[in-house]
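Undergrad: Please see the structure below; I have some questions.
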Amino acid sequence: MTALRRTLVGEVMTTDVEAVGPDAPVAQIVAALRRRGVRALPVVDGELLLGVVFEADVLRLAEHDDVEPPVVHRRRRWQHRPEVPPHTRARNLMTTEVVAVDPGTGVAEAARTMAAHRLGWLPVVDEPAADLAERPPRLRGVVGRADLLRVFERPDDDLVREVRDEVLGRILLLDPGQVEVTAAGGVVTLEGRVSTHADALVAVALTRRLEGVVDVVDHLGHDVDARTL
């Protein structure tokens with residue numbers, strides 16, 4: 001039985017990655033963030049991923065310029081904040097607790113990982129490591145939300161072909177003439193008659209799981225309701 005289509009991160013990731021070295025000064029980091037319109041940058045040594053520096057990490061430096069306490073708190077004791085080294089580098093700002101994926105990760109899993117960690121993108125590495133300081137992996141690219149959305153750009157004809165050949169033909173072993181499959185804008189319509197209610201449920205469920213399917217319109221009838229047997 002042929003497996004249903006499963007797009008991998010390696011197929012949609014961006015390989016033209018904006019990155020900085022560990023000794024990059026704040027000005028260079030800010031320039032790179034603005035140039036690419038991103039909120040985080042990988043910190044690399046050659047091809048090895050050392051960590052990630054976030055826009056928020058850079059913005060925290062601005063707090064140290066605010067040395068005048070708010071008016072409402074003038075009577076309170078103002079706590080002295082530690083000084084930041086005048087030549088702060090990427091290595092001082094980056095985090096090494098990086099959530100990453102490898103090129104063989106499915107886009108669905110990558111999307112769940114992003115959502116679970118509330119991230120907008122993920123580094124793609126040869127092999128994710130728990131501690132980058134001990135074993136930095138090689139950076140292969142990055143994958144963002146826009147990259148993952150590319151699975152919904154599949155042509156409607158491609159969706160129809162996979163439903164007919166894989167879901168109905170190879171998995172449910174149905175006669176191709178039993179069900180008419182059409183698609184428009186990622187919305188797949190199934191119309192026809194199958195043997196059992198279970199077949200109808202499975203056909204709709206598997207079609208809904210296909211990459212690129214936005215919704216399924218179920219117009220399937222059935223001859224036998226398995227629940228009454």
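Undergrad: Among the residues of segment 150-183 satisfying the criterion of being farther than 17 Å from residue 207 by Cβ and at pLDDT below 85, which is surrounded by the fewest Cβ atoms within 10 Å (Cβ to Cβ)?
TA: Going through the qualifying residues, I end up with 153.
Undergrad: Would you mind telling me which numbered condition in (1) open to solvent by less than 30 Å² (accessible area, probe 1.4 Å); (2) closer than 18 Å to residue 10 by Cα residue 128 fails?
TA: For residue 128, the failing item is (1).
Undergrad: Name every residue in segment 86-125 that is closer than 18 Å to residue 9 by Cα and either of a type in the set (Asp, Glu) or more than 17 Å from the chain's Cα centre (by Cα) (or both), in order of residue number.
TA: 102, 109
Undergrad: Another question about this same structure. From the list 60, 39, 74, 5, exactly one residue is under 16 Å from the mean Cα position of the chain (by Cα), open to solvent by 30 Å² or more (accessible area, probe 1.4 Å) and at pLDDT below 90. Which is it?
TA: So the residue among 60, 39, 74, 5 that is under 16 Å from the mean Cα position of the chain (by Cα), open to solvent by 30 Å² or more (accessible area, probe 1.4 Å) and at pLDDT below 90 is 39.
Undergrad: I need the full set of residues from segment 131-156 which are within 20 Å of residue 11 (Cα to Cα) and assigned to a loop (DSSP other than H, G, I, E, B), in order please.
TA: Correct list: 137, 154, 155.
Matching residues to (1) out of contact with any Leu (no Cβ under 6 Å at 6 or more places or on another chain); (2) aliphatic (A, V, I, L, M); (3) touching a residue at least 12 places away in the same chain (Cβ under 8 Å):
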| position | (1), (2), (3) |
| --- | --- |
| 134 | yes, no, no |
| 143 | no, yes, yes |
| 153 | yes, no, yes |
| 164 | yes, no, yes |
| 171 | yes, yes, yes |
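Undergrad: Condition test on residue 96, is it hydroxyl-bearing (Ser, Thr, Tyr), open to solvent by 40 Å² or more (accessible area, probe 1.4 Å) and either modelled with pLDDT under 70 or out of contact with any Ser or Thr (no Cβ under 8 Å at 6 or more places or on another chain) (or both)? Quick ask: steps written out before the conclusion?
TA: Values: hydroxyl-bearing (Ser, Thr, Tyr): yes; open to solvent by 40 Å² or more (accessible area, probe 1.4 Å): yes; either modelled with pLDDT under 70 or out of contact with any Ser or Thr (no Cβ under 8 Å at 6 or more places or on another chain) (or both): yes.
Against the criterion (hydroxyl-bearing (Ser, Thr, Tyr), open to solvent by 40 Å² or more (accessible area, probe 1.4 Å) and either modelled with pLDDT under 70 or out of contact with any Ser or Thr (no Cβ under 8 Å at 6 or more places or on another chain) (or both)), residue 96 qualifies.
Undergrad: Test residue 132 against the stated conditions and say whether it is within 28 Å of residue 120 (Cα to Cα) and at pLDDT below 90.
TA: Spelling it out, residue 132 is indeed within 28 Å of residue 120 (Cα to Cα) and at pLDDT below 90.
Undergrad: When segment 184-205 is examined, which residues are found to be in a strand (DSSP E or B), open to solvent by 40 Å² or more (accessible area, probe 1.4 Å) and closer than 21 Å to residue 224 by Cα?
TA: Residues satisfying the conditions are 191, 193, 195.
Undergrad: Conditions: (1) more than 18 Å from residue 44 (Cα to Cα); (2) surrounded by 16 or more Cβ atoms within 10 Å (Cβ to Cβ). Residue 143 meets all but one. Number of the miss?
TA: For residue 143, the exception is condition (1).
Undergrad: Could you grab me the full set of residues in segment 12-28 that are out of contact with any Ser or Thr (no Cβ under 9 Å at 6 or more places or on another chain), assigned to a helix (DSSP H, G or I) and surrounded by 13 or more Cβ atoms within 10 Å (Cβ to Cβ)? Before you say what the answer is, go through the steps one by one.
TA: So the first thing to find is which residues in segment 12-28 are out of contact with any Ser or Thr (no Cβ under 9 Å at 6 or more places or on another chain), and the list is 12-24, 27-28.
Imposing the further condition that a residue be assigned to a helix (DSSP H, G or I) reduces the set to 12, 27-28.
Passing the criteria: 12, 28.
Undergrad: Next question. Can you spot a residue in segment 111-122 that is among the β-branched types (Val, Ile, Thr) and either touching a Cys at 6+ places or on another chain (Cβ under 7 Å) or within 19 Å of residue 40 (Cα to Cα) (or both)?
TA: Pass one, segment 111-122, residues among the β-branched types (Val, Ile, Thr): 113.
From the residues that got through so far, the ones that are either touching a Cys at 6+ places or on another chain (Cβ under 7 Å) or within 19 Å of residue 40 (Cα to Cα) (or both) too are 113.
Yes - at least one qualifying residue is present in segment 111-122.
The values are calculated or read from the model by the stated rules, or taken from the named source; none is laboratory data. Here the structure is a predicted model, which is why all the values come from computation and not from measurement. Heads up, the Cβs are rebuilt from the backbone with ideal geometry, glycines too, and the neighbour counts pull from every protein chain shown. Note: accessible area is taken over every heavy atom of the protein model, side chains too, but ligands, DNA and RNA are not part of it. Shrake-Rupley method; radii C 1.70, N 1.55, O 1.52, S 1.80 Å.
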